Amino acid sequence: MARFAKYLCRRLLIMIPQLLGITLVAFLLVRLLPGNPATAMAGSLATPETVAAIEARLGLDQPLPTQFIMYVKNILQGDFGNSWYTSNPVTSDLAVRFPATLELISLSMLIAIIVGVIGGSIAALKPKGVVDRVTSGFATIAGALPEFWIGLLFIYVFYVRLGIAAAPIGRLDLQFSTPPPVTGMILIDTFLTGDMAMFRSAVSHLILPVLTLSIALIGPILKMSRTSMRDAIDSDYVHYARMCGMKKKYVVGYAFRTALPPIVTIIAVYYGFMLGGAVLVEKVFGWGGFGQYAVQSVINKDYFAVQGFLMLAAVFSLFIYLAVDIIYMIVDPRQRP
């Protein structure tokens, strides 16, 4: 435990220069966006004096090093600036948008892990069997279909034609207002407040977008699970364990533990990617999530909102990779400090 605590502290300290570097890169990349946000805020009919006044108010008339120092100081105080597009503090916008996307991608990833890991492992145990052929075909088809097209297809079939799915209008039915935020995730918040009608509404609106993202995520997890498990089963130590008369369930358990690291890696990569990569699904279902907010901010040259998105996404990814390293140490003693 002492070695683990030391390792954890060292990793957290390493995150400080990483975040500083990410902040600098994000700051510079946002400044490379074409156009002037002050002009967009003032409108096409604004005078040069009005544009100059807005630039002075935002600090955009200062040299880049001065702007960066001011931005870092504000971040350390928890101030990411105000979004000119929504007229809200960026922290308030992110506090609403981030939990919405986190709820969506977490449930989707959970389903993808269960189906992908179990299906891939079973397929590896019986190569060229029925499960292997079905999972291989499904992974190929799912990987070739864009997730937004799958979402549109689901809406047409289950909402338009069959009428059994909720309308793609967001996270709740129109008669409900957003519950008091506890976690920001409506499914959890409605359950905690005990409002079962609103909880059922939240579940109904989650079904189609979660299934859409799950299908897109199952394919790569399925393939990696099958390949990694197959390599572990074909390894020398597994053959030796079988020759020694070890029971099959123990052999499979040891092989699965050996196969876990690459599976965990691809899950972490896709989980971090989907934070902003689910934007098309969010758009199709009117979800109003994190990625959709980022795209709107880029289109509207909303500097502070884009920078806030990049910073939060970077912190999220860093903690995901820290969790991956911890999982590695749990499943593989050789990785322990």
Volume per residue of the C-alpha convex hull in region 158-212, rounded to whole Å³:
79
Stokes-Einstein at 37 °C, 0.692 mPa s, Kirkwood radius from Cα pairs: D for region 233-272 in µm² s⁻¹?
293
Evaluated at q = 0.18, 0.21 Å⁻¹: base-10 log I(q)/I(0), Debye formula over Cα of region 247-301
-0.67, -0.78
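Which value results when the Cα radius of gyration for region 30-131 is divided by 2.2 N^0.38 Å?
Normalised by 2.2 N^0.38 Å, the Cα Rg of region 30-131 equals 1.86.
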Below 8 Å, C-alpha to C-alpha, sequence gap of six or more: please give me the relative contact order for region 106-222 in percent.
44
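Suppose R0 equals 35 Å. What FRET efficiency, 1/(1 + (r/R0)^6) with r the Cβ-Cβ distance, do residue 45 and residue 173 give to the nearest 0.05?
0.30
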Please name which of 122, 291, 68 has its Cα lying farthest along the dipole of the chain towards the positive end, using unit charges on Cβ (Lys, Arg +1; Asp, Glu -1) and the Cα centre as origin.
122
Using amide H atoms built in the peptide plane, which far-off residues or other-chain residues are under 5 Å from residue 82 H to H?
90
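Kirkwood hydrodynamic radius (Cα pairs, Å) of region 223-337?
After inverting the mean inverse Cα-Cα distance, the result is 17.0 Å.
Which whole-number percent is the relative contact order of region 221-305 (Cα, under 8 Å, 6+ apart)?
With pairs under 8 Å counted, the relative contact order is 24 percent.
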Mean shadow area of region 117-162 over all directions, Cα convex hull, nm²:
4.1
Give me the one-decimal nm value for the distance between modelled label points at residue 16 and residue 326, 7 Å along each residue's Cα-to-Cβ direction.
2.1
Leaving out ligands, DNA and RNA, and with a 1.4 Å probe, what % of the accessible surface on region 98-245 is carbon or sulfur?
70
Suppose the Debye formula is applied to equal point scatterers at every Cα of region 23-65; what is log10 I(q)/I(0) at q = 0.22, 0.23, 0.25, 0.32 Å⁻¹?
-0.77, -0.82, -0.91, -1.14
When the solvent-accessible surface of protein heavy atoms is calculated with a 1.4 angstrom probe, in what order do 8, 192, 45, 64 fall, highest first?
45, 192, 64, 8
Accessible surface, per residue, of the chain when the full set of protein chains is kept, probe 1.4 Å, Å²
54
Rel. contact order, % - alpha carbon contacts under 8 angstrom, at least six apart, the chain:
27
Spacing of the two label points (7 Å from each Cα toward its C-beta) at residue 52 and residue 77, in nm:
2.7
Can you list, largest first and rounded to whole Å, the semi-axes you get for region 97-184 by taking the square root of 5 times each eigenvalue of its Cα gyration tensor?
33, 19, 10
Whichever lysines have a C-alpha closer than 18 Å to that of residue 248, once near sequence neighbours (fewer than 8 apart) are set aside:
126
Just the Cα atoms of the chain, one point each, no solvent: what log10 I(q)/I(0) does Debye give at q = 0.10, 0.13 Å⁻¹?
-0.77, -1.13
Alpha carbon centroid spacing (whole Å) that separates region 256-320 from region 5-54
18
Computed over the Cα atoms of region 141-237, what is the convex hull's projected area averaged over all directions, in nm²?
9.4
Sites residue 299 and residue 235 - FRET efficiency at Förster radius 56 Å, r taken between beta-carbons, to 0.05
0.65
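The values are calculated or read from the model by the stated rules, or taken from the named source; none is laboratory data. None of the values given here were measured: they were computed from a predicted structure. All Cβ positions, glycine included, derive from the backbone under ideal geometry; neighbour counts span all protein chains shown. Remember, those area values only see protein heavy atoms, side chains included, never the ligands or the DNA or RNA. Shrake-Rupley method; radii C 1.70, N 1.55, O 1.52, S 1.80 Å.
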